[in-house]
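Taking it in order: structure first as structure tokens, then the write-up.
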Amino acid sequence: AHDGRPDPSTSHLEVRDLTIEYSSGGYIVRPIDGFHLDTKGGELVLLLGASGCGKTTLLSVLAGILTPSSGSVTMGDTEVVGLSGAALTQYRRRQVGIVFQAFNLLPSLTASENVQIPLRGAGVRSRAARTRALQLLDQVGLSDRVEHKPGGLSGGQQQRVAIARALAHDPPVLLADEPTAHLDYLQVDGVIRLLRRLADSGRLVIVATHDDRLVPLADRIVNLTPRRDTESRPPETRDLEAGEVLFRQGDPGELIYVVESGVIDLVRMREDGEEERFDSVKHAGYFGELAPMFGIQRAATARAGAPTTVTGYTVRDFRTRHSGSVGQLLSGAADVAEGA
């Protein structure tokens, strides 16, 4: 039935110890590491974070498009990880609707015809598919645009068509990847309120975004790249034995470190399993600034090459104590690697 109120039991999502790992440029990248989430229908959940933090990758796993390295994803009674063949097709078709960042509408088809695509692909007859498409376009406020092609629609209207298409099979879960990325501030308001309304109808709506404008209407915010630029706290001094690891590649980063004595080796893990040392930081040198400054993961592992003492500062305190240093460091491409 297409009554707009999905069964809440089918939209209960439980993610446990999820890790996603892949190779990039010969190095291992782990954007999601040990991730947990427990949410249900009726909630609007934001996956908030900077570009490259793993938001889209996580959505792809939830959608059954990408297989994680480890962990479990349970949607209702369905364990998504490990699905294949007809069961995977059924999951993608019936349990999740996907709204892509770039709309992905076919320019030669009308709004109605674009919404009908998944219905016709599932064997729904032409007349029934059109009736359902008109119902959905009315639901998203486009009843007067059903015969318009994408070229005759604004960005916000195209996004509404994409949302209507994702709702074609009345899925209990809607996944949206940066749905406001290509919209101006006038168009954003309508799309945000539409997503909120869809969650209020009983769906689980999960939105991957870096757009803070969605925050006030969300039930839950999962910050994948926490930023602490304004935080101030006492410096943290660590004494490390030779070979001891301070932080690992892929870890979140809160502090910028200064070497008081000894040496820190910065190494990266290659896809062949071997480590590659690309820099060593000695007395008065600093490292690890990019992760806390930009809300990204550590790009390398920091390991003591000898008995070493380091002091960690928040971004705010580091800027105060080392005025100008960060700007000088970030101005050179060679220094980006040192940012770990």
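The values are calculated or read from the model by the stated rules, or taken from the named source; none is laboratory data. Since this is a predicted model, take the numbers as computed values, not measurements. A quick note on method: Cβ atoms are made from the backbone with ideal geometry, for glycine too, and the neighbour counts reach across all protein chains shown. All accessible areas refer to the heavy atoms of the entire protein, side chains included, with ligands and DNA or RNA removed. Shrake-Rupley method; radii C 1.70, N 1.55, O 1.52, S 1.80 Å.
Data overview
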item	result
Output for segment 306-340, where each listed residue is surrounded by fewer than 18 Cβ atoms within 10 Å (Cβ to Cβ), modelled with pLDDT under 85 and outside any helix (DSSP H, G or I)	His322, Ser323, Gly324, Ser331, Gly332
Members of segment 41-55 that are out of contact with any Gly (no Cβ under 9 Å at 6 or more places or on another chain) and modelled with pLDDT under 90	Leu48, Ser51, Gly52, Gly54
Residue in segment 161-181 that is open to solvent by 50 Å² or more (accessible area, probe 1.4 Å) and in contact (Cβ under 8 Å) with a residue 12 or more places away in the chain present	no
Strands (runs of 3 or more DSSP E) lying entirely in segment 204-254 (those with 2 or more residues that are surrounded by fewer than 18 Cβ atoms within 10 Å (Cβ to Cβ) and touching a strand residue (DSSP E or B) at 6+ places or on another chain (Cβ under 7 Å))	220-223, 236-240
Sole residue being more than 28 Å from Val73 (Cα to Cα), open to solvent by 70 Å² or more (accessible area, probe 1.4 Å), in a helix (DSSP H, G or I) and of a type in the set (Lys, Arg), chosen from Arg93, Arg127	Arg127
Search result, residues across segment 232-265 that are under 27 Å from the mean Cα position of the chain (by Cα) and under 16 Å from Ala306 (Cα atoms)	Leu246, Phe247
Selection from segment 18-72 of residues that are open to solvent by 10 Å² or more (accessible area, probe 1.4 Å), polar (S, T, N, Q), touching a residue at least 60 places away in the same chain (Cβ under 8 Å) and part of a strand (DSSP E or B)	Ser23
From the options Gly151, Gly141, residue that is assigned to a helix (DSSP H, G or I), small (Gly, Ala, Ser) and open to solvent by 40 Å² or more (accessible area, probe 1.4 Å)	Gly151
Given (1) touching a Phe, Trp or Tyr at 6+ places or on another chain (Cβ under 9 Å); (2) free of Cβ contacts under 8 Å to residues at least 24 places away in the same chain, number of the condition Ile256 does not satisfy	(2)
The one condition in (1) more than 23 Å from Gln159 (Cα to Cα); (2) open to solvent by less than 50 Å² (accessible area, probe 1.4 Å); (3) among the small types (Gly, Ala, Ser); (4) touching a strand residue (DSSP E or B) at 6+ places or on another chain (Cβ under 7 Å) that Gly76 fails to fulfil	(4)
Any hit, segment 270-281, residues being within 24 Å of Ile28 (Cα to Cα), at pLDDT below 90 and touching a helix residue (DSSP H, G or I) at 6+ places or on another chain (Cβ under 8 Å)	yes
Number of the exception - Arg303 against (1) farther than 28 Å from Gly26 by Cα; (2) at pLDDT 70 or above; (3) of a type outside the set (A, V, I, L, M, F, W, C); (4) open to solvent by 50 Å² or more (accessible area, probe 1.4 Å)	(1)
Val245, sole failed condition from (1) at pLDDT below 95; (2) in contact with a Ser or Thr (Cβ under 9 Å, 6 or more places away or on another chain); (3) of a type outside the set (Gly, Ala, Ser)	(1)
Output for segment 79-90, where each listed residue is under 21 Å from His36 (Cα atoms) and open to solvent by 50 Å² or more (accessible area, probe 1.4 Å)	Glu79, Gly82
